[in-house]
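Visitor: Could you have a look at this structure, given as structure tokens, before my questions?
The values are calculated or read from the model by the stated rules, or taken from the named source; none is laboratory data. What you are looking at is a predicted structure, and each value in this text was computed from that prediction instead of being measured. Note that we place each Cβ from the backbone using ideal geometry, even for glycine, and neighbour counts take in every protein chain shown.
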Amino acid sequence: MTSPDLNPLPPQYDAATTEAEWYPRWTEHGVFIADAERAATREPFVIVMPPPNVTAVLHVGHGLNNTVQDVLVRWRRMAGDEALWLPGTDHAGIATQNVVEKQLTAEGHTRFDLGREAFVARVASFVEQTGGEILNQLKAIGSSADWSRTAYTFSPELSAAVREAFVRLHEDGLVYKGHRVIHWCPRCGTSLSDEEAEFNDTTGKLYHLRYLVADDPRLSVVVATTRPETMLGDVAVAVNPDDPRYTALVGREVVLPLNGMRIPVVADSYTDPSFGSGAVKITPAHDANDFDVAKRHDLPMPVIIDAEGVVREVELAGGRVPPELAGLDRFDARDKIVAMLTASGALVKIEPHAHSVRHCYRCDTVVEPRLSDQWFVRMKPLAEKALDALRTGELRILPDRWEAVYVNWLDGIRDWNISRQIWWGHRIPVWYCEACGNTPLVSRTDITACPTCGGAVRQDSDVLDTWFSSWLWPMSTIGWPNEQSADLKAFYPGDVLVTAPEILFFWVSRMVMSGCWFMGKAPFHTVYLHGTVRDMQHRKMSKSLGNGIDPLDVVRLYGADALRWTMVAGLGLGVDVMLDPNDLDKSFAPGRNFCTKLWNIGRFLLSRVGTEPVPALSTIPSSQLTAADAWILARLDAAIAECDAALGPARPANLRTWTDAERGRGLRLSEYAEAARRFVWNELADWYLESIKPRLYAADGADKDVARAVLAHAFDGALRLLQPIIPFITEALWQHLPQTPSGQFVSQASWPRVRDAATVSEAERALASSFDATREAVQAMNRVRSEYNVSPGARITATVIPVALPMALLESQASTMGSIARADVTVSGEAPTALSASVVGTLVTVHVPLAGMIDMDKERARLSAEIDQLQAPLDALLGRLSNEKFMAKAPPAVVDGERAKAAEWQARLAQLRAKLDQLGA
Ligand SMILES: [Zn+2]
Ligand SMILES: [Zn+2]
């Protein structure tokens, strides 16, 4: 029984009111909250939300990402799983620090003016005031996350997990401090990991420089470089030991043009004889490969560019930087050095050079390779486990083409630089004793005095890479490292990780590594990589391009469901979603139109079903079902089965033994949406509802009640199937169904199930398929109508002859066919003798007598006129084609085109003549 306090359904769907009404009710009733205890008796289903940056503002990419997650979680919640969607935010070290530093700059300050403690306090309060707004925005699009478990990577609990991970990896021998060339962002003032220093293709220049041999200026070597400013830090020229051109020079010295330093020529097989001149300059402090060469040859490693990207003597560089260059920014220094080398004749030539240059992923500054001390994680042992997870079938990636990318990256993995020289983040849990040198002290708890000498200790000033906390997310958010945590026991490992391919390396692979290392199991069995939202020029949406779409605008204009439907229905697996930021009306038309249609269907249907109780379907004997009833129940079963097949299986227990095809199964969201849409629109509304109108409008009676019951049941099934995608509108409609229990939500109703085959009788099946004959007959009659331009309102007469059905079964359908097709239908074994238009189908043949339906004389005249109109141009065309001159001159493509046209006109003419013959001309 519907609750008496329900508001009547307005004629038009009012998304804003509906969303404001239902979301708070769901949260008040704890619909989204998962329970660890309940998970003992039900299958848990866990998705951790990729935590947005705490200062982030919702963009359309988040909208897509979170809608996909919500659809999966809502589906599994209905299917009876203990579904947990765990939300939260990331403190986003560099990104957040940058935001606050910009504020300080505007105020005329730097973070150094404030000092570390005050700066961190300022960032924290900024985050407290403005952070996490994105989570409220996610609520506005209907996200059914368990907000009671909202996590934050910088909370005390998650910070403890970070420290535990660091210390444990140190104990395992996987965390170490290294002195090597790393990627450095001079603007952010910190080192970056390989992944954070992104490659951009650019056209730069290749400078060829001549270094003269020290004791014989008649001899020289030419080296090529894209960064001539680094020559000040050169310590050698390397040649391949097998390169005969340089054999005589190995062991001798050359002179650096600008500072006169003498550097040796060394032989190293790293040098490729076919690149440039075959000789390369070695700058160990500013190039990772050169660093390795220098180590092999025991060469010095002078640093000539400082942390801010300024050229000056930093370390071991005495006398290397001429005074006129000291203090210049690296790019200004480059220009000046090129000018000086040109003047001195040392610059041989400059060539354009296409190459990839690393940029900071946070501020896009060109990254400077720089020698420094950093903390690293030894990745090989971790990567091995992550590779095993894929190999042994514990993990799959959809679409599966990404599996090769994942393997490739893990195979070639290098140690992970995890220390950052910023202030906003987890401080590295390492202390140094200046007094006795008992260092470093790695500790789970803060150390205030040296355990050996009691002297004062100083904590490492660096913080950890933001991703060092994110990679623990699936464990740290549910209690790790506390092995006794009820949540950890109930909800680890989780199920699906939904994200965009961009962070496969940053985040996804590392979560697999940490999960396998610390928990012995991958944190999820399926990685679902969805496409990217792009504009009509196929460009990724971004703030800088100004081609973004604000999902909240879409919610305001068309409602959250229209946004969600558009995204899900357009989401092929691994395919990008194209939306036009300049035409939201058109972009979101699929969702808006579908919601409007569903609302119209729902309002009409509910008004006919009424509020009186309907009999339960199980109490209706199948003998009382009409063909249409049996058919729509069969179609509902088929729709459920299609949705299940597109979405599931939820948890591939047999991943290990699955074939490749099976591994690629499930999570086909657009197919699921289409199956549900087709059922409610093309089957329930277009056919079933049309066919039962006379019964619904009839006076009360058993047949009306059966129709009401089947209709209410079918619509209930449709709303359940659609709920995960469009939760608001389905909730609003579902509440008005007479069989809906009071105080329940479709959001937590059970997922529909295909009826047990044994409960559907043979007779009912035959009845259902007889309705297919009805549909075929109606379609045939409609075709004749349109062919002869008969107005939709005009009544026609038809004879329907069964092809493969018992006559009696079809006879019972005559009135239904007649009422849908607005026709007087006779079911017969014989074709009428009167002149008829005929359509031969697979189940029935339909004859529509033309007399009475059309004016025969008029139709004959119309056909004759059309034939005449076509004949003249056709004759002309055929004339041209038999004209030898034309044929000799015309290009073959033109001749082919004319021939095709002639064939088409001839066919049409034959058709018209046949029709005219039929009319007895
Ligand atoms: Zn940067
Ligand atoms: Zn000490």
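Visitor: Residue check, Val293 against (1) farther than 27 Å from Asp465 by Cβ; (2) in contact (Cβ under 8 Å) with a residue 40 or more places away in the chain; (3) among the hydrophobic types (A, V, I, L, M, F, W, C); (4) assigned to a loop (DSSP other than H, G, I, E, B), all met but one. Which one?
Guide: Among (1) farther than 27 Å from Asp465 by Cβ; (2) in contact (Cβ under 8 Å) with a residue 40 or more places away in the chain; (3) among the hydrophobic types (A, V, I, L, M, F, W, C); (4) assigned to a loop (DSSP other than H, G, I, E, B), the lone unmet condition for Val293 is (4).
Visitor: Residues being in contact (Cβ under 8 Å) with a residue 40 or more places away in the chain and touching a Pro at 6+ places or on another chain (Cβ under 9 Å): count how many of those fall in segment 816-843. Break it down stepwise before answering.
Guide: Residues of segment 816-843 in contact (Cβ under 8 Å) with a residue 40 or more places away in the chain: 816-817, 819-821, 823, 825, 835, 837, 839, 841-843.
From the residues that got through so far, the ones that are touching a Pro at 6+ places or on another chain (Cβ under 9 Å) too are 816, 819, 835, 837, 843.
Selection size over segment 816-843: 5.
Visitor: Give, as residue ranges, the strands (runs of 3 or more DSSP E) completely inside segment 823-875 that count at least 1 residues that are modelled with pLDDT under 90. Step through it out loud before you land on a result.
Guide: Working: elements: 823-827, 836-840, 844-849.
Result: 836-840, 844-849.
Visitor: Just a yes or no: is a residue in segment 43-54 over 27 Å from Gly131 (Cβ atoms) and either among the aromatic types (Phe, Trp, Tyr) or surrounded by fewer than 22 Cβ atoms within 10 Å (Cβ to Cβ) (or both)?
Guide: First, pick out the residues of segment 43-54 that are over 27 Å from Gly131 (Cβ atoms): 43-45.
Now narrow it down to the ones that are either among the aromatic types (Phe, Trp, Tyr) or surrounded by fewer than 22 Cβ atoms within 10 Å (Cβ to Cβ) (or both): 43, 45.
Looking through segment 43-54, at least one residue is over 27 Å from Gly131 (Cβ atoms) and either among the aromatic types (Phe, Trp, Tyr) or surrounded by fewer than 22 Cβ atoms within 10 Å (Cβ to Cβ) (or both).
Visitor: Is it fair to say Pro738 is touching a residue at least 40 places away in the same chain (Cβ under 8 Å), under 30 Å from Ala140 (Cα atoms) and crowded, with 21+ Cβ neighbours inside 10 Å? Don't jump to the end; show me each part of the working.
Guide: Details: touching a residue at least 40 places away in the same chain (Cβ under 8 Å): yes; under 30 Å from Ala140 (Cα atoms): yes; crowded, with 21+ Cβ neighbours inside 10 Å: no.
So Pro738 does not fit the description; no.
Visitor: Does any residue of segment 807-819 turn out to be over 30 Å from Leu916 (Cβ atoms) and either in a loop (DSSP other than H, G, I, E, B) or within 41 Å of the chain's Cα centre (by Cα) (or both)?
Guide: Yes, segment 807-819 contains a residue that is over 30 Å from Leu916 (Cβ atoms) and either in a loop (DSSP other than H, G, I, E, B) or within 41 Å of the chain's Cα centre (by Cα) (or both).
Visitor: Could you go through segment 427-440 and let me know if any residue there is part of a helix (DSSP H, G or I) and in contact with a Leu (Cβ under 7 Å, 6 or more places away or on another chain). Working first, answer last.
Guide: Step one: of segment 427-440, the residues part of a helix (DSSP H, G or I) are none.
No.
Visitor: Continuing with this model, one more query. So which of Trp431, Trp424, Trp416, Trp480 is buried (at least 21 other Cβ atoms within 10 Å of the Cβ) and within 16 Å of ligand 1 (Cβ to nearest atom)?
Guide: Working: Trp431 fails: within 16 Å of ligand 1 (Cβ to nearest atom); Trp416 fails: within 16 Å of ligand 1 (Cβ to nearest atom); Trp480 fails: within 16 Å of ligand 1 (Cβ to nearest atom).
Step by step, each of Trp431, Trp424, Trp416, Trp480 is checked, and only Trp424 is buried (at least 21 other Cβ atoms within 10 Å of the Cβ) and within 16 Å of ligand 1 (Cβ to nearest atom).
Visitor: Here's another thing I want to ask about it. Take segment 342-386 and flag every residue that is in a helix (DSSP H, G or I) and either within 16 Å of ligand 1 (Cβ to nearest atom) or over 30 Å from Phe518 (Cβ atoms) (or both). Walk me through how you get there before you give the answer.
Guide: Narrowing segment 342-386 to residues in a helix (DSSP H, G or I): 342-344, 380-386.
Across segment 342-386, the qualifying residues are Thr342, Ala343, Ser344.
Visitor: When residues of segment 90-127 are filtered for being part of a loop (DSSP other than H, G, I, E, B), within 16 Å of ligand 1 (Cβ to nearest atom) and not hydrophobic (A, V, I, L, M, F, W, C), how many remain? It would help to see each step written out before you state the result.
Guide: From segment 90-127, those part of a loop (DSSP other than H, G, I, E, B) are 91-92, 107-110, 115; that's our starting set.
Now narrow it down to the ones that are within 16 Å of ligand 1 (Cβ to nearest atom): 92, 110.
Now narrow it down to the ones that are not hydrophobic (A, V, I, L, M, F, W, C): 110.
Residues in segment 90-127 being part of a loop (DSSP other than H, G, I, E, B), within 16 Å of ligand 1 (Cβ to nearest atom) and not hydrophobic (A, V, I, L, M, F, W, C): 1 in total.
Visitor: Here's a check for you: in segment 461-477, which residue that is among the polar types (S, T, N, Q) and outside any loop (DSSP other than H, G, I, E, B) is nearest to ligand 2 (Cβ to nearest atom)? Walk me through it before giving the result.
Guide: The initial filter retains those residues of segment 461-477 that are among the polar types (S, T, N, Q), namely 461, 466, 469-470, 476-477.
With outside any loop (DSSP other than H, G, I, E, B) added as a condition, the list becomes 469-470, 476.
Working: Ser469: 30, Ser470: 35, Ser476: 32 Å.
It comes out as Ser469.
Visitor: Please specify each residue of segment 493-551 satisfying the condition of being acidic (Asp, Glu) and assigned to a loop (DSSP other than H, G, I, E, B). Working first, answer last.
Guide: If we filter segment 493-551 for residues that are acidic (Asp, Glu), which is where we start, we get 495, 502, 535, 550.
Within segment 493-551, Asp495, Asp535, Asp550 qualify.
Visitor: Taking segment 10-42 on its own, how many of its residues are buried (at least 21 other Cβ atoms within 10 Å of the Cβ), more than 25 Å from Ala569 (Cα to Cα) and within 27 Å of the chain's Cα centre (by Cα)?
Guide: 1
Visitor: Okay, moving on. Would you check which residues across segment 134-171 are without any contact (Cβ under 8 Å) to a residue 60 or more places away in the chain and in a loop (DSSP other than H, G, I, E, B) and list them?
Guide: Hit for segment 134-171 is Ser155, nothing else.
Visitor: Within the bounds of segment 789-801, is there any residue that is over 22 Å from Pro694 (Cβ atoms), part of a helix (DSSP H, G or I) and in contact (Cβ under 8 Å) with a residue 12 or more places away in the chain?
Guide: No, segment 789-801 has no match at all.
Visitor: Next question, about the same structure. Being in contact with a Leu (Cβ under 6 Å, 6 or more places away or on another chain) and surrounded by fewer than 21 Cβ atoms within 10 Å (Cβ to Cβ) is the filter here; which residues of segment 227-255 pass it?
Guide: Across segment 227-255, the qualifying residue is only Val255.
Visitor: Provide a single number: the residues in segment 628-654 that are assigned to a helix (DSSP H, G or I) and crowded, with 17+ Cβ neighbours inside 10 Å.
Guide: Counting residues in segment 628-654 that are assigned to a helix (DSSP H, G or I) and crowded, with 17+ Cβ neighbours inside 10 Å gives 17.
Visitor: Over 23 Å from the mean Cα position of the chain (by Cα) and either within 16 Å of ligand 1 (Cβ to nearest atom) or modelled with pLDDT under 95 (or both): does that describe Ile397? Write out each step before concluding.
Guide: Values: over 23 Å from the mean Cα position of the chain (by Cα): no; either within 16 Å of ligand 1 (Cβ to nearest atom) or modelled with pLDDT under 95 (or both): yes.
Considered against the rule, which asks whether it is over 23 Å from the mean Cα position of the chain (by Cα) and either within 16 Å of ligand 1 (Cβ to nearest atom) or modelled with pLDDT under 95 (or both), Ile397 comes out as no.
Visitor: Collect the residues in segment 303-338 that are surrounded by fewer than 20 Cβ atoms within 10 Å (Cβ to Cβ) and in a strand (DSSP E or B), keeping them in residue-number order.
Guide: Val310, Arg312, Glu313, Val314, Glu315, Asp329
Visitor: Further, regarding this structure: Find the residue count for segment 241-267, including only residues that are outside any strand (DSSP E or B), over 26 Å from Ile350 (Cβ atoms) and not polar (S, T, N, Q).
Guide: Of segment 241-267, the ones outside any strand (DSSP E or B) are 241-252, 256-261.
Adding the requirement that they be over 26 Å from Ile350 (Cβ atoms) leaves 241-242, 244, 247-248, 250-252.
Adding the requirement that they be not polar (S, T, N, Q) leaves 241-242, 244, 248, 250-252.
Counting residues in segment 241-267 that are outside any strand (DSSP E or B), over 26 Å from Ile350 (Cβ atoms) and not polar (S, T, N, Q) gives 7.
Visitor: Count, please, the residues in segment 196-215 that happen to be over 28 Å from the mean Cα position of the chain (by Cα) and not in a strand (DSSP E or B).
Guide: Adding up the residues that qualify gives 2.
Visitor: Name the pairs whose Cβ atoms lie under 7 Å apart, with the first residue in segment 431-456 and of a type in the set (S, T, N, Q), the second within 16 Å of ligand 1 (Cβ to nearest atom), and 6 or more positions between them or separate chains?
Guide: No pair meets every condition.
Visitor: Still on this structure: For residues in segment 431-460 being of a type in the set (A, V, I, L, M) and within 12 Å of ligand 2 (Cβ to nearest atom), which is modelled with the lowest pLDDT?
Guide: Filtering segment 431-460 for residues of a type in the set (A, V, I, L, M) gives 435, 441-442, 447, 449, 456-457.
Applying the additional criterion that residues be within 12 Å of ligand 2 (Cβ to nearest atom) yields 435, 441, 447, 449, 456-457.
Values: Ala435: 85, Leu441: 91, Ile447: 91, Ala449: 90, Ala456: 89, Val457: 91.
Result: Ala435.
Visitor: Now a separate question. Does segment 186-201 contain any residue that is more than 16 Å from ligand 1 (Cβ to nearest atom) and surrounded by fewer than 20 Cβ atoms within 10 Å (Cβ to Cβ)? Outline the logic, then answer.
Guide: Taking segment 186-201 as the starting set, the residues that turn out to be more than 16 Å from ligand 1 (Cβ to nearest atom) are 201.
Narrowing further to those that are surrounded by fewer than 20 Cβ atoms within 10 Å (Cβ to Cβ): 201.
Looking for residues that are more than 16 Å from ligand 1 (Cβ to nearest atom) and surrounded by fewer than 20 Cβ atoms within 10 Å (Cβ to Cβ), one finds at least one in segment 186-201, hence yes.
Visitor: Which one of these does Ala698 not meet: (1) crowded, with 16+ Cβ neighbours inside 10 Å; (2) touching a Lys or Arg at 6+ places or on another chain (Cβ under 6 Å); (3) over 20 Å from Asp561 (Cβ atoms)?
Guide: Evaluating Ala698 over (1) crowded, with 16+ Cβ neighbours inside 10 Å; (2) touching a Lys or Arg at 6+ places or on another chain (Cβ under 6 Å); (3) over 20 Å from Asp561 (Cβ atoms) leaves (1) as the failure.
Visitor: Also, I was wondering about something else. Quick check, is Arg785 over 43 Å from the mean Cα position of the chain (by Cα) and under 30 Å from Met856 (Cα atoms)? Let's see the steps before the verdict.
Guide: Numbers: over 43 Å from the mean Cα position of the chain (by Cα): yes; under 30 Å from Met856 (Cα atoms): yes.
Answer is yes for this residue.
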